[in-house]
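K.L.:
Pasting a structure below so you can have a look.
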Amino acid sequence: MNNTHDTADQLRRSLGIGRRGFLSTCTAVAAGAIAAPVLGAAPVHAAPKAAAATGEGHTLVPADKRGIILYTVRDAIGRDPLASTLPSGFRAVFEQLARYGYRQVEFAGYGQHANAPGGANLESVEGARLLRRWLDDNGLRAQGNHGFIPGSWPLSSADLDTFKKHLEIANILGMAHVGTGGDPTSSSYKADWDVAADKWHALGALARREGLKLYTHNHDAAYGFLLDGGPLDAQGRPTRSSGIRKLEYFLSITDPKLVWLEMDVFWAHVAQYKFRTYTAHDGSALTDVFDPAGLVERNDKRYPLFHAKDGVVNNTNGMGYDMVPFGTGVIDYTTFFSRVGHRNYHNPMVEQDNAPSGTNPGQSLEHAAIGYRNMAALRR
């Protein structure tokens, strides 16, 4: 594996700038490339992130809250330990993540290479006990997962049994939360979000009985505008919006004691870029720029977890950003974490979807190390 300090330095040297100037330069590019948000939205800008590198001020993410979703290092977990000297399988990856300083993990499945200790499939009571031992051995806590959410509604007997099994596994692993990587529904229509709320209330009640908080993880589409009025289309569905976003509506109709959320901060900023205008019920075109931190502030402790994922500006890909290792992009996490507060409550998980590499087998773990250092360096 390449030395992680060298990797971070190479990223900076490739731009021809020093350590403290690196984040400022990236952020300044973003400020010119993305239109400034409206009043109340969080603009992307440089000063707070540059200040984070000084080591001064108040630590924004306490040491025991620094986590990573294992999807970031999925290639290492799935690697054949008999064919590589790099960390391979859950046990070795846990050991490496703990060396970096991580204290929390979020699962993204329970499979690994068949040659790793414990075998290929640890999605069982016995497998969970083995994983728990390895977590404890390395001072790690399982904080959540992207696991099983029944596809049926009303719930089938088979889906209900599987969901209950996953709740049991979560408790063995010591989780406080169980979740999924998808939206409650992919629909844009109010009626479908009403049905999704009924389903999530039922699942949330089952989780609560087992001492767990059920959360949904959302990408950019959930922050698009809900279609809830105006003229109807040929199928009798509304074609215009009141201006409320789909996930905002879901939050307003769900019980905060039963349904929780995990904001992927990267995808929330993609939504800020993509979903800026809507057609009101009267046919007028209105602008409303999404403010990710503002949504969390308004819903306070409904967001126990975050995905801490970073990006650099790309105005040609339809998203506004390309993913990069956490702390090497332009998303202003200093301002975001300062605004949402409750630093001893929220659990940010470093994530990078594209961390695995076909040419550098050690890249995902290298980027995990970079992400940890940059999260630990956040100050205000």
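K.L.:
Pull out a ≥ b ≥ c, the square roots of the eigenvalues of the alpha-carbon gyration tensor of the range 78-168, then state rounded if a/c is under 1.5, prolate if not and a/b is larger than b/c, and oblate in the remaining case.
P.N.:
Prolate, since a/c reaches 1.5 and a/b exceeds b/c.
K.L.:
A further question on this structure: Using a cut-off of 10 Å between beta-carbons, work out the net charge of the residues near residue 101 (Lys and Arg +1, Asp and Glu -1, residue 101 not included). Intermediate results must be reported in sequence, preceding the final value.
P.N.:
On the way: positive: 66, 99, 103, 373; negative: none.
Result for the neighbourhood of residue 101: +4.
K.L.:
Between residue 115 and residue 195, what FRET efficiency follows from the Cβ-Cβ distance if R0 is 35 Å, with the result rounded to 0.05?
P.N.:
Step by step, r from the Cβ atoms, then E = 0.20.
K.L.:
Right, next: Separation between the residue 129 and residue 317 pseudo-spin-labels, each 7 Å from Cα along Cα→Cβ, expressed in nm?
P.N.:
4.5 nm
K.L.:
Related question: Roughly speaking, what is the stretch gain from residue 339 to residue 160, that is 0.36 nm per residue apart minus the C-alpha to C-alpha distance, in nm to one decimal?
P.N.:
On the way: separation 179, 0.36 × 179 = 64.44 nm, distance 3.87 nm.
My answer for the length gained is 60.6 nm.
K.L.:
Step through the table entries 190/274; 190/309; 65/246; 213/301, compare each Cα-Cα distance with 22 Å, and write down the pairs that go over it.
P.N.:
In this structure, 190/309; 65/246 lie more than 22 Å apart at Cα.
K.L.:
By the gyration tensor of its Cα atoms, with a ≥ b ≥ c the square roots of the eigenvalues, what is the shape of the range 244-369: rounded for a/c under 1.5, prolate for a/b over b/c, or oblate?
P.N.:
Since a/c reaches 1.5 but b/c is at least a/b, the shape of the range 244-369 is classed as oblate.
K.L.:
Counting Lys and Arg as +1 and Asp and Glu as -1, what is the net charge of the other residues whose Cβ lies under 13 Å from the Cβ of residue 231? All intermediate terms of the calculation are to be shown ahead of the outcome.
P.N.:
Numbers: positive: 237, 240; negative: 228, 233, 282.
Once all neighbours under 13 Å are counted, the net charge is -1.
K.L.:
What length, rounded to one decimal in nm, is gained on full extension from residue 208 through to residue 234, with 0.36 nm per residue of separation minus their alpha-carbon distance?
P.N.:
5.2 nm
K.L.:
Please work out the Cα center distance from the range 200-241 to the range 137-190, rounded to the nearest Å.
P.N.:
17 Å
K.L.:
If you don't mind, there's one more thing I want to ask. If we count every other residue with Cβ under 13 angstrom of residue 138's Cβ, Lys/Arg +1 and Asp/Glu -1, where does the sum land?
P.N.:
+3
K.L.:
Here's another thing I want to ask about it. Report, largest value first, the span of the C-alpha coordinates of the chain along each principal axis, in whole Å.
P.N.:
Cα extents, longest axis first: 63, 57, 37 Å.
K.L.:
Rounded, prolate or oblate: which fits the range 175-295 when a ≥ b ≥ c are the square roots of the eigenvalues of the alpha-carbon gyration tensor, with rounded for a/c under 1.5 and prolate only if a/b beats b/c?
P.N.:
Details: a/c = 2.72, a/b = 1.57, b/c = 1.74.
It comes out oblate by the Cα gyration axes.
K.L.:
Follow-up. Output the DSSP H helices from the chain with an along-axis C-alpha extent of no less than 27 Å and a mean Kyte-Doolittle hydropathy no less than 1.0.
P.N.:
Helices meeting the span and hydropathy rule in the chain: none at all.
Readers should treat all values here as calculations from the given coordinates under stated rules, not as data from a laboratory. Note that this is a predicted model, so its numbers are computed, not measured. Heads up, the Cβs are rebuilt from the backbone with ideal geometry, glycines too, and the neighbour counts pull from every protein chain shown.
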